[in-house]
Structure formats: structure tokens, C-alpha cells
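The values are calculated or read from the model by the stated rules, or taken from the named source; none is laboratory data. It should be emphasised that the depicted structure is a prediction, and the values quoted were computed from it without experimental measurement. With ideal geometry, Cβ positions are generated from the backbone for all residues, glycine too; neighbour counts draw on all protein chains shown. Note: areas computed on protein heavy atoms with side chains; ligands, DNA, RNA excluded. Shrake-Rupley method; radii C 1.70, N 1.55, O 1.52, S 1.80 Å.
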Amino acid sequence: MPVSTVSIAVGQWISAGDDVRWWFDSGSFALDFAYTGRIGGLRSVEQLHAPDDLSRWLHERFPVAVGVARSRDLFDAVGLRDAISRMAIAASRDEAVRAADIDMVNLYAATPDVPPSLAGGTRQAGRSVQTVAQALSTIARDAVDLFAPVNALRIRCCSGADCAVVYLDTSRAASRRWCSMQRCGNRAKVRAHRARKAGSVVV
């Protein structure tokens, strides 16, 4: 999925504290970043304890080299991430988004992001290693796309009875109901099957 001007894959493996790992396609790179902390009732653990944690996450996700994060970068990243998280939860509940959070996203989106490049050239154009600030700008620009009016009704909360995971529905028919078919979708199928089976029992 294109993110700003750089192509970055969306989705990640999630461990929600119940000893089960499942693939979660949030629909948005900015939402993937939000899930490095607690968002939408998911019992995930904080992933960004130290600058090295931020560096590791960025290195794993970006298709270009990103510099080493420092303490200030971590502070900035957590601030941006938490703003995106609050905005996503508010949008999924059809609630007003805080102006301060919008300002935070806009602030980072206004700075230079990671530029696109074509492979196969003979010269290095621009930086060979992108800064953490550029990576955060790329995330913020994806958040601008995420919260655009066209997605107003597509930022949703999982329909699972005991799940509050937030995602962007990117399906063509806008018919996605579950955070993951492997997780809540499968649970719903099992419950429906048991209910049908119980209803067919003749006493």
C-alpha cells in the first residue's frame, strides 16, 4: 500500500497477551504504528521503551535505511503515536477528534518525509540514510490520508463482542467486520455454529 511517496507494507503479527499470535491488517501504516502502544482495548504491551526499540521498528518497516533514534526522537514518536491512537478511537466511535491531536499530526506531516527513489541508478541522490524525523513525517502523512473525510465511515471497531480493535476498512464493498478472520471472525463463526447446533437439538 502506498504511504505518502514511499511504498510500505501494511499489517503485522500481534500478540494480545492470550498466548495467541495473529495477523492484523490495520489498513493503514499510521495505525500499525499506533499499535506499538495500547489502543482500542487491545491488551498489547508497550513496544517503545527506549530509542533502540524505535530504531528497530522503523528499520523493520521502512524499505530504506533510517538513522539511529535518540531520546528526543522517542519522545516525538510516542507523542505522534498517541495522537494517532486517540484520533483513531474517536473516529471509530464517531466522536469529535481533539484539535490538539490534529495539530500534532499536521506538525509532523509538514516536515520533509522519506523521499521516493528508483533502483538501478548510478548515483546517490539525497541522503543514503533517512532521519527518524523523516520517518515520523511519513507516518504523519499517512495519518493525514487515514483521517481524510473519504475514510470517515471506514475507521471502525471490530464487531467482536469482547474486542475493541480499531482498523481501516479498505475492502471494496466496505464490508469488513472483524479485526481478523483468524481471531474474532473465527470466534464468531464458532459461536454461530454452536448456536445453530443448540437450536436444532430436539428435546
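ARG93 sits with roughly 150 Å² accessible to a 1.4 Å probe, with DNA, RNA and ligands left out of the calculation.
Volume per residue for region 80-188 equals 148 cubic angstrom (convex hull of Cα atoms). Judged by the mean number of other Cβ atoms found within 10 Å, the most tightly packed of the peptides 58-71, 155-168 leads the ranking 155-168, 58-71. Net charge around ALA140, counting only other residues with Cβ within less than 12 Å of its Cβ (Lys, Arg = +1; Asp, Glu = -1)? With Lys, Arg at +1 and Asp, Glu at -1, the net is -4.
If DNA, RNA and ligands are ignored and the probe is 1.4 Å, what is the ranking of PHE147, PHE33 by accessible area, most exposed first? Display every interim value, and only then the final one.
Working: PHE147 50, PHE33 0 Å².
The most accessible residue leads, giving PHE147, PHE33.
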